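Chemist: First the structure, which I've put down as structure tokens, then a few questions once you've had a look.
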Amino acid sequence: MLELHRTHRAKILNHSQVAEMLDRHGWSASKLWNVANYHSRQVWEDTGEIPDHGDLKDELKTHNKYKGLHSQSSQRVLEELAEAFNSWYGKRQSDNRANPPGYRKTNYYDQEGRRVHEEHPRSTVTWKQN
């Protein structure tokens with residue numbers, strides 16, 4: 001079955017009111033990606049198999065990074081990682097230079113100790129459309 005995913009770009013007009021919350025969600029999504037990426041690499045090294053998104057969800061659903069987001073967002077982060085690993089696996093069949101999915105950027109702190117980012121965090125956001 002073919003799944004269609006669309007990317008919507010939006011401009012946030014009240015950025016100052018939601019910036020901190022969006023930053024926290026982006027940070028949580030990046031941390032979950034990194035935890036799942038580490039787990040996937042360990043499974044790959046141990047078994048030669050890539051865990052699919054169902055395996056990742058089962059393994060990480062009790063992890064505190066999974067619980068840091070709404071469950072649909074956490075599930076989508078894990079689905080995206082599984083898709084990235086499958087894409088890498090397919091590409092490495094024909095190109096031995098292909099690399100597995102990378103880790104997301106680390107946090108940086110300003111001089112007052114506030115968390116800042118070198119670039120905007122990537123995030124998967126889900127919502128129900130009426």
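The values are calculated or read from the model by the stated rules, or taken from the named source; none is laboratory data. These numbers were taken from a predicted model, which means no experiment stands behind them. Note that each Cβ is placed from the backbone with ideal geometry, even for glycine, and that neighbours are counted across all protein chains shown. Protein only, heavy atoms only, side chains kept; ligands, DNA and RNA dropped before computing areas. Shrake-Rupley method; radii C 1.70, N 1.55, O 1.52, S 1.80 Å.
Chemist: Step by step: find N for the range 27-69, compute 2.2 N^0.38 Å, then divide the Cα radius of gyration by it. What's the final number?
Modeler: 1.12
Chemist: Kindly state, to the nearest 0.05, the FRET efficiency for GLU112 paired with TRP88, given R0 = 30 Å and r defined as their beta-carbon distance.
Modeler: The computed FRET efficiency comes out at 0.15.
Chemist: On to the next question. For the range 21-119, what is one quarter of the convex hull surface built on the Cα atoms, given in nm²?
Modeler: 7.5 nm²
Chemist: I've got another one for you. For TRP44 and SER16, calculate 0.36 nm times their separation in residues minus their Cα-Cα distance, and state this gained length in nm to one decimal.
Modeler: Once the chain is fully extended between TRP44 and SER16, it gains 5.9 nm.
Chemist: Order these peptides, 22-28, 78-84, by their mean beta-carbon neighbour count within 10 angstrom, highest first.
Modeler: Packing proxy ranking, top to bottom: 78-84, 22-28.
Chemist: May I pose another question? Hey, any idea what % of the range 21-119's accessible area is carbon plus sulfur with a 1.4 Å probe?
Modeler: 45 percent
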